[in-house]
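Asks: Here's a structure for you.
The values are calculated or read from the model by the stated rules, or taken from the named source; none is laboratory data. All of these numbers come straight from a predicted model, not from anything done at the bench. Cβ sites come from the backbone with ideal geometry, for glycine too, and all protein chains shown count toward neighbours. In case anyone asks, the SASA skips ligands and DNA or RNA and just uses the protein heavy atoms, side chains included. Shrake-Rupley method; radii C 1.70, N 1.55, O 1.52, S 1.80 Å.
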Amino acid sequence: MYNFIFQNTTRIYFGENQLGHLGEELKQYGTRVLLTYGGGSIKRISLYDKVMEELKKAGLSVFELSGIEPNPRHTTVNKGAELCKKENIDVLLAVGGGSTIDCTKVIAAATFYEGDSWDLMTHKAPVTKALPVLTVLTLSATGSEMDSGGVISNLDTNEKYGLLHPLLQPKVSFLDPASTYSVSAFQTACGSADILSHVFDVFYFTFAEKMDMIDRVMEEVIKTVVKYAPIAVKGPENYEARANLMWASSWALNGFLQTGVIQAASCHAMEHELSAFYDITHGLGLAILTPRWMEYILDESTAPQFKKFGVHVFGVDAALSDMEGAKRTIACLSDFLFKELGLQSTLTEINIDDTNFKVMAKKACGGDVLQGFKPLTPEDVENIFRMCL
Ligand code: NZQ
Ligand code: ZN
C-alpha cells in the first residue's frame, strides 16, 4: 500500500431545487460569467431557463459558448479561451455532461496560454493558471464534476488526451438527479459502463496491495451501478436510481478510491483510441472492450481477482475454481452490458473495422507497453481490438 495525500475541494450541492445557491457561489469569483453547454439538451429540459433566471437574479453579466461536442474538440477549447480573454471573464459555468465540463476546464486553463490549447494537452506547455469553474451536471458518467481531469480530442491528428491538474478541479458542482431524467437509455447505459470501468479498470483490478476498506467500497459502488443502471434505463424518471448513479459517478473517480493504489487504466487507454479515430461514445467503447480485455489477460494470476469480482457483484458460485469462476464472471459482465443494458456488443455493429487497429494499438501503448492489470504490448492491444469485431 502506497502513502497518499487525499484532498477533494469541490463543494457539492446534491438534490432538487439547489440552484438557488448558484448566484451566491458564482459571485464569490466575480461578475462576468461564461455559461458553456452542448448541443441543446439543457434547453429541451428547461434547465437553461432555470440557470439563466438564477444568473439574472444575482445580477451577473452572462456570456455564452454553446455547441460543445461530445468528445470535445481542441478547436472549441480555443474558441472558448478567446472568448474569455476578449470578454474578461471571471468565472466559467459548465452545464452539461462530461464533455461540456471537460471542455470548460481546459478553456479555463487555456485562457492563460497564448497559443493552441492542444499544447496543454500534449504537455508542450504547462498549466500555470486557470479561471474558476463551477458545474451543473446533467449526465452521470465521467466524474468530471468532482475531479481534476479534462479529456479533449484533436480531429486533425486523431488524438484524444486527458489533462490532469489541480487547477482544473471544479470549485462547486450542482448534482440534481432529476436533471438526468431526460438522458436517453443509450447514454444512461454508456454512462453506467463508464462508471463501472472507472472502478475496475482504474483501481479494482490490480496486483498492488490495497486497503480492504477501499476494496469493499469499490465493490459497493460497482453493485450500486449494477442494481440501478437497468432501473434507470427502464424507468428514466426514477429518482432513486438516478441519484444513486449520480453519486456513484462522482465517487468512482474523485480520488477516494484511488487512495493507496497506483494503477494505469488499460481499457481507458484503448478506448480513447477508438473515440479518437471514430468519435464513438466513450462508455460504449469501454463496454465493448472490457469483457474482451478480461478474456485476453485471463490466466492463473488474474483469475482469482476476476472470480472475486463475480462472486461479490454477480453472485457467481464461490465454490467454482478460480478459472471457472473468472469465466463465469466475464459471461455475467457481458450479459449485464449487452443484454440488460442493451449496448451493442461488437465494433462491427458500430461500423468499425480493422483498418486502423495497428496504428491505434501503437498509440495506445505510447511507444512502449500499456500498463495496467497486465502490461500489454501493441500486438496484445491489436489482438484485443480484433476480439471486439
Ligand atoms: O450536447 P448535449 O445537447 O448536452 O447532449 C449530450 C450529448 O449528446 C447528451 N446529454 C447530456 N445530458 C443530457 C443529455 N441528453 C439529454 N438529457 C440530458 N440531461 O448526452 C450526450 C453525451 O454527452 P457527453 O457529455 O459527451 O457524455 P459524458 O458525460 O459521458 O462525457 C463523455 C466525455 O468525457 C470524457 C470522455 O472521454 C468523453 O470525451 N471523460 C472524462 C473524464 C474526466 N473528466 O475525468 C474521465 C472519463 O474516463 C472520460 O474519458
Ligand atoms: Zn471513463
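Asks: What helices does the chain hold that run 27 Å or longer along their axis, going by alpha-carbon atoms, with a Kyte-Doolittle average of 0.0 or more, using DSSP H for the helix calls? Before the final figure, lay out the partial values.
Replies: Values: long enough: 212-234 (34 Å, 0.35).
Counting only whole DSSP H runs, the qualifying helices are 212-234.
Asks: Here's a follow-up. Going by the alpha-carbon gyration tensor, a ≥ b ≥ c the square roots of its eigenvalues, is the stretch 1-102 rounded (a/c under 1.5) or, if a/c is not under 1.5, prolate (a/b greater than b/c) versus oblate? Could the numbers behind the result be given before it?
Replies: On the way: a/c = 1.39, a/b = 1.15, b/c = 1.21.
Rounded is the answer for the stretch 1-102, as its axis ratio a/c remains below 1.5.
Asks: For the stretch 11-179, what's the relative contact order in percent, using C-alpha pairs closer than 8 Å and at least 6 residues apart?
Replies: Averaging sequence separation for qualifying contacts and normalising by length gives 27 percent for the stretch 11-179.
Asks: Quickly rank 41-52, 377-388 as a protection proxy: mean count of other C-beta atoms within 10 Å, highest first. Present the calculation step by step, with values, prior to reporting the outcome.
Replies: Numbers: 41-52: 16.2, 377-388: 19.2.
The most tightly packed comes first, giving 377-388, 41-52.
Asks: Shifting gears a bit: Using per-residue counts of other Cβ atoms within 10 Å, averaged over each peptide, order 225-233, 109-117 from highest down.
Replies: Details: 225-233: 21.3, 109-117: 19.4.
Most protected by this proxy first, the peptides run 225-233, 109-117.
Asks: When the accessible area of the chain is computed with all protein chains present and a 1.4 Å probe, what percentage of it is carbon and sulfur?
Replies: 51 percent
Asks: How large is the convex hull of the C-alpha atoms of the chain per residue, in Å³?
Replies: Here the figure is 128 Å³ per residue.
Asks: Let me ask something else. So what is the relative contact order of the stretch 183-387, in percent, for Cα pairs below 8 Å that sit 6 or more residues apart? It would help to have the intermediate numbers written out before the result.
Replies: On the way: 270 pairs, mean separation 50.9, N = 205.
The value is 25 percent.
Asks: To continue, here is another question. For the stretch 216-369, what class follows from the C-alpha gyration tensor (a ≥ b ≥ c being the square roots of its eigenvalues): rounded when a/c is under 1.5, otherwise prolate if a/b is larger than b/c, else oblate? Walk me through the numbers before you get to the answer.
Replies: On the way: a/c = 1.44, a/b = 1.17, b/c = 1.23.
Rounded.
Asks: Highest mean first, how do 162-168, 317-323, 101-107, 133-139 rank when packing is the count of other Cβ atoms within 10 Å averaged over residues?
Replies: 101-107, 133-139, 162-168, 317-323
Asks: Please compute the Cα-Cα pair-distance distribution of the stretch 11-179 with 5 Å bins starting at 0, giving whole percents from short to long.
Replies: In order of increasing distance, the bins hold 2, 10, 21, 24, 22, 13, 6, 2, 0 percent.
Asks: Here's another thing I want to ask about it. Name the residues whose placed amide hydrogens come within less than 5 Å of the amide hydrogen of ILE12, ignoring near sequence neighbours (fewer than 5 apart) on the same chain.
Replies: SER173
Asks: Tell me, what is the percent relative contact order of the chain, built from C-alpha pairs under 8 Å that lie six or more residues apart? Write out the running numbers ahead of the final one.
Replies: Details: 747 pairs, mean separation 59.7, N = 389.
Relative contact order for the chain comes out at 15 percent.
Asks: When ligands, DNA and RNA are left out and all protein chains stay put, how many square angstrom of accessible area per residue does the chain have with a 1.4 Å probe?
Replies: On the way: 15800 Å² over 389 residues.
Value for the chain: 41 Å² per residue.
Asks: In addition: What is the projected area of the convex hull of the Cα atoms of the stretch 274-346, averaged over all directions, in nm²?
Replies: Across all orientations, the stretch 274-346 yields a mean hull projection of 5.1 nm².
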